[in-house]
Amino acid sequence: MIGMAEWHDKIREVKIIDGVKLFPISWLGAKDFCEYQLYLEKFAGVHVEKTYEMILGSEMHAKLEEEHLAKATEKMTIPEAIERSEQTGAILVAREVSTKTLKSGIYGRIDEVIIMPDRIVIVDDKPGETVFIGHKKQVWGYCISFMEQFNVNKKFICSIRNRDTKEFLWSEELDENSIKTVREDIIKLHDLINGVRNAIPTDNAKKCLKCRFRNVCDKSLA
Ligand code: SF4
């Protein structure tokens with residue numbers, strides 16, 4: 001048996017930087033589907049095969065990044081891009097932007113950031129046409145991380161775009177309510193990481209029916 005401290009150091013994808021634990025921002029979306037699924041995969045180390053959609057998703061992201069790099073004209077850091085935009089009025093687009101914030105203990109990679117003189121647009125590319133609340137929480141998480149990391153005091157626009165058609169499915173300005181909602185989930189996930197509470201399984205049998213862990217999950221309703 002391993003001790004509690006040792007156990008919590010073994011959670012998949014949790015990083016410790018300067019003594020602060022950071023978890024991937026994508027967990028905010030995963031939590032919304034089923035916290036217990038997150039627990040099985042990342043905490044208990046249960047392995048199940050990736051679905052076809054997940055493999056396709058990785059390939060599509062790589063393709064979009066390749067297309068972007070082929071069109072990109074200049075390489076610069078995010079602070080340089082923000083400064084350039086403010087000084088010249090240019091609209092600059094960056095893809096696969098790594099972000100992390102020790103203040104909130106989260107990290108991730110943003111699909112696309114559109115930098116405008118007066119605003120920052122955070123774009124997440126998703127398959128399908130449906131925007132779930134978990135998707136929105138993930139984008140709100142990216143906004144908070146970017147804002148805290150780069151100390152940006154501008155309007156943030158949160159967007160979800162169809163990965164295949166490139167059509168924008170949802171766009172709205174980040175507001176206090178969204179920040180409050182996602183901060184509550186960030187705290188809940190840190191409580192899970194710190195062993196303060198247990199993961200809660202979904203009570204929606206339809207989710208279990210499509211869950212790739214259903215055959216190994218002791219809480220499955222399917
Ligand atoms: S089978 Fe149901 S309860 Fe179990 S991890 Fe999947 S969604 Fe959650």
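The values are calculated or read from the model by the stated rules, or taken from the named source; none is laboratory data. Please read all numbers here as calculations on a predicted model, not as lab measurements. With ideal geometry, Cβ positions are generated from the backbone for all residues, glycine too; neighbour counts draw on all protein chains shown.
Say whether the condition of being within 16 Å of the ligand (Cβ to nearest atom), closer than 30 Å to residue 47 by Cα and out of contact with any helix residue (DSSP H, G or I) (no Cβ under 9 Å at 6 or more places or on another chain) is met by at least one residue in segment 182-203.
Within segment 182-203, one or more residues are within 16 Å of the ligand (Cβ to nearest atom), closer than 30 Å to residue 47 by Cα and out of contact with any helix residue (DSSP H, G or I) (no Cβ under 9 Å at 6 or more places or on another chain).
Write out, first by first residue and then by second, each pair whose Cβ atoms fall under 9 Å of each other, whose residues are 6+ apart or on separate chains, and whose first residue, in segment 171-197, is touching a residue at least 60 places away in the same chain (Cβ under 8 Å) while the second is of a type in the set (D, E, K, R) and assigned to a strand (DSSP E or B).
Short answer, once both residue conditions are applied: 190/21; 193/21; 194/21.
Only residues that are out of contact with any Lys or Arg (no Cβ under 6 Å at 6 or more places or on another chain) and not in a loop (DSSP other than H, G, I, E, B): list them for segment 191-216, please. Before you say what the answer is, go through the steps one by one.
First, the residues of segment 191-216 that are out of contact with any Lys or Arg (no Cβ under 6 Å at 6 or more places or on another chain): 192, 194-200, 202-207, 209-216.
Listed by number, the residues that qualify are 192, 205, 206, 207, 209, 210.
Results for (1) loosely packed, with under 14 Cβ neighbours inside 10 Å; (2) hydroxyl-bearing (Ser, Thr, Tyr), shown as yes or no for each residue.
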{"position": "118", "(1), (2)": "yes, no"}
{"position": "121", "(1), (2)": "no, no"}
{"position": "125", "(1), (2)": "no, no"}
{"position": "132", "(1), (2)": "no, no"}
{"position": "151", "(1), (2)": "yes, no"}
{"position": "159", "(1), (2)": "no, yes"}
{"position": "174", "(1), (2)": "no, no"}
{"position": "178", "(1), (2)": "no, yes"}
{"position": "186", "(1), (2)": "no, no"}
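Would you pick out the residues in segment 204-222 that are without any contact (Cβ under 8 Å) to a residue 12 or more places away in the chain and either near the ligand (Cβ under 6 Å from one of its atoms) or aliphatic (A, V, I, L, M) (or both)?
Of everything in segment 204-222, just one residue is without any contact (Cβ under 8 Å) to a residue 12 or more places away in the chain and either near the ligand (Cβ under 6 Å from one of its atoms) or aliphatic (A, V, I, L, M) (or both), namely 214.
Suppose we keep only residues that are aliphatic (A, V, I, L, M) and in contact with a Phe, Trp or Tyr (Cβ under 8 Å, 6 or more places away or on another chain) within segment 189-222. Which one would you say is nearest to residue 137 (Cα to Cα)?
Among them, the one singled out is 189.
Taking residue 78, is it surrounded by 11 or more Cβ atoms within 10 Å (Cβ to Cβ), touching a helix residue (DSSP H, G or I) at 6+ places or on another chain (Cβ under 8 Å) and free of Cβ contacts under 8 Å to residues at least 40 places away in the same chain?
Criteria not met by residue 78.
Take residue 193 and decide whether it is surrounded by 13 or more Cβ atoms within 10 Å (Cβ to Cβ) and farther than 16 Å from residue 30 by Cα.
So residue 193 fails the test.
If residue 128 passes every condition in (1) outside any strand (DSSP E or B); (2) at negative phi; (3) more than 15 Å from the chain's Cα centre (by Cα); (4) of a type outside the set (Asp, Glu) but one, which one does it miss?
Only one criterion in (1) outside any strand (DSSP E or B); (2) at negative phi; (3) more than 15 Å from the chain's Cα centre (by Cα); (4) of a type outside the set (Asp, Glu) is unmet by residue 128, namely (2).
How many residues, within segment 144-173, are within 30 Å of residue 56 (Cα to Cα) and not in a strand (DSSP E or B)?
Count: 8.
Based on what the data block shows, is residue 14 among the β-branched types (Val, Ile, Thr), within 25 Å of residue 212 (Cβ to Cβ) and within 16 Å of the ligand (Cβ to nearest atom)?
No: the conditions fail for residue 14.
Residue 114 versus (1) touching a strand residue (DSSP E or B) at 6+ places or on another chain (Cβ under 8 Å); (2) at pLDDT 95 or above; (3) surrounded by fewer than 19 Cβ atoms within 10 Å (Cβ to Cβ); (4) within 25 Å of residue 13 (Cβ to Cβ): which is the lone unmet condition?
Only one criterion in (1) touching a strand residue (DSSP E or B) at 6+ places or on another chain (Cβ under 8 Å); (2) at pLDDT 95 or above; (3) surrounded by fewer than 19 Cβ atoms within 10 Å (Cβ to Cβ); (4) within 25 Å of residue 13 (Cβ to Cβ) is unmet by residue 114, namely (4).
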